[in-house]
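The values are calculated or read from the model by the stated rules, or taken from the named source; none is laboratory data. Every value quoted in this text rests on a predicted model; they were computed, and no experiment measured them. Cβ coordinates were reconstructed from backbone atoms using ideal geometry, including for glycine residues, and neighbour counts include every protein chain displayed.
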């Protein structure tokens, strides 16, 4: 769950990016920067309290140059470094993505299945959820053999469960009440 | 009491003395008048008259008084005996009544004791029946609970085994066509 601080920063960045008509670009670069902050080799250094503010700013500017971040995002990361909010960057990127999806009328879904879904199956599911939500669907695919069969689709906080595992659990409850799988 | 006896003794002495004197006189006179038979008769008659007079004058009142006294004493003794007899009769009647009362009390006590014993027996029997019923009910409940628990355990075991078998079957036997069918079923449920 995204915190209030991360949401405030993300909203501010979103408004600025929208003014500059660079929403998609900012979102993509923010994702890359967030991945860097989450990186176990670089993240702890960036978040270290032993690092001086000046040194942290220099470091983030170097990273911004290396990642070819936009001027807006470079300044934004600099502010986060000054305010020691870099640890909130992944949450900000996530909320920014949500705002962007809402702005563009998109919805992100995660499809989990016991076997890899072929293209046709993915398209069928994407199409179904596009019709269900009335939005453009951005899919993510994952394979989970524990599902045994079928598919589970997560849309935001909602879960559509068509897995064999869940059907077996439901059947077991109906038959035996407390039978544990 | 002492005075009449003294008087009686005195009268006896006088009578004896009178009699002896009269006899002595009669004897002396007999010598003198042996030729006349009326003399001794006269003296004997006088002697008897004196003797009777002495008896009547001095002895009879004492005898009469003694007899009266004796009679009074006997009457009192008889009255006391009668009173004692009446008291004894009263006591006997009282004790007879007490005995009758005691017998009646004993009978009543026996009846009451039998009644109490009967009541106690009934109470004990009722309590025993209640206890037995409670034990039976508890046992039935416990047995029913055990049966139900066992049934649930058996059912749970069966379901667990069935699910495990189904899981194994799903892992090994599900084909791509099955997978496609699951997805199609899922889409049918999701589609508005």
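Worth pointing out:
- Restricting segment A:107-129 to residues that are free of Cβ contacts under 8 Å to residues at least 12 places away in the same chain and out of contact with any helix residue (DSSP H, G or I) (no Cβ under 8 Å at 6 or more places or on another chain) leaves a set whose member that is farthest from the other protein chains (Cβ to nearest Cβ) is A:119.
- Any hit, segment A:107-130, residues being in contact with a strand residue (DSSP E or B) (Cβ under 6 Å, 6 or more places away or on another chain), more than 17 Å from residue B:190 (Cβ to Cβ) and either surrounded by fewer than 18 Cβ atoms within 10 Å (Cβ to Cβ) or outside the structural domain of residue A:18 (by TED's automatic domain parsing) (or both): yes
- For segment A:91-106, the criterion of a residue being within 14 Å of chain B (Cβ to nearest Cβ), in a loop (DSSP other than H, G, I, E, B) and either touching a strand residue (DSSP E or B) at 6+ places or on another chain (Cβ under 9 Å) or buried (at least 20 other Cβ atoms within 10 Å of the Cβ) (or both) is satisfied by no position.
- If you go through segment A:48-68 and keep only what is more than 25 Å from residue A:17 (Cα to Cα) and surrounded by fewer than 16 Cβ atoms within 10 Å (Cβ to Cβ), you end up with A:48, A:49, A:50, A:52, A:53, A:54, A:55.
- Single match in B:123, B:104, B:188, B:155 (criterion: within 14 Å of chain A (Cβ to nearest Cβ), more than 20 Å from residue A:169 (Cα to Cα) and either surrounded by 10 or more Cβ atoms within 10 Å (Cβ to Cβ) or at pLDDT below 95 (or both)): B:188
- Among the residues of segment A:69-90, the one identified as under 21 Å from the mean Cα position of the chain (by Cα) and surrounded by fewer than 16 Cβ atoms within 10 Å (Cβ to Cβ) is A:87.
- Residue check, residue B:148 in a helix (DSSP H, G or I) and away from every other protein chain (no Cβ under 11 Å): yes
- Single residue of segment B:158-185 satisfying the filter (at the interface with chain A (Cβ under 7 Å from one of its Cβ atoms) and either touching a strand residue (DSSP E or B) at 6+ places or on another chain (Cβ under 6 Å) or not in a helix (DSSP H, G or I) (or both)) that is surrounded by the most Cβ atoms within 10 Å (Cβ to Cβ): B:183
- Residue list for segment A:72-97, restricted to those being without any contact (Cβ under 8 Å) to a residue 60 or more places away in the chain and within 30 Å of residue A:125 (Cα to Cα): A:90
For (1) within 12 Å of chain B (Cβ to nearest Cβ); (2) more than 24 Å from the chain's Cα centre (by Cα); (3) closer than 13 Å to residue A:109 by Cα; (4) not in a helix (DSSP H, G or I), each residue gets a yes or a no:
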{"residue": "A:141", "(1), (2), (3), (4)": "no, no, yes, yes"}
{"residue": "A:146", "(1), (2), (3), (4)": "yes, no, no, no"}
{"residue": "A:151", "(1), (2), (3), (4)": "yes, no, yes, yes"}
{"residue": "A:154", "(1), (2), (3), (4)": "no, no, yes, yes"}
{"residue": "A:162", "(1), (2), (3), (4)": "yes, no, no, yes"}
{"residue": "A:165", "(1), (2), (3), (4)": "yes, yes, no, no"}
{"residue": "A:168", "(1), (2), (3), (4)": "yes, yes, no, no"}
{"residue": "A:171", "(1), (2), (3), (4)": "yes, yes, no, no"}
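- Just one of the numbered conditions (1) modelled with pLDDT under 90; (2) at the interface with chain B (Cβ under 10 Å from one of its Cβ atoms) is not true of residue A:66: (2).
- Verdict on residue A:137 being within 11 Å of another protein chain (Cβ to nearest Cβ), without any contact (Cβ under 8 Å) to a residue 60 or more places away in the chain and either assigned to a strand (DSSP E or B) or within 30 Å of residue A:46 (Cα to Cα) (or both): no
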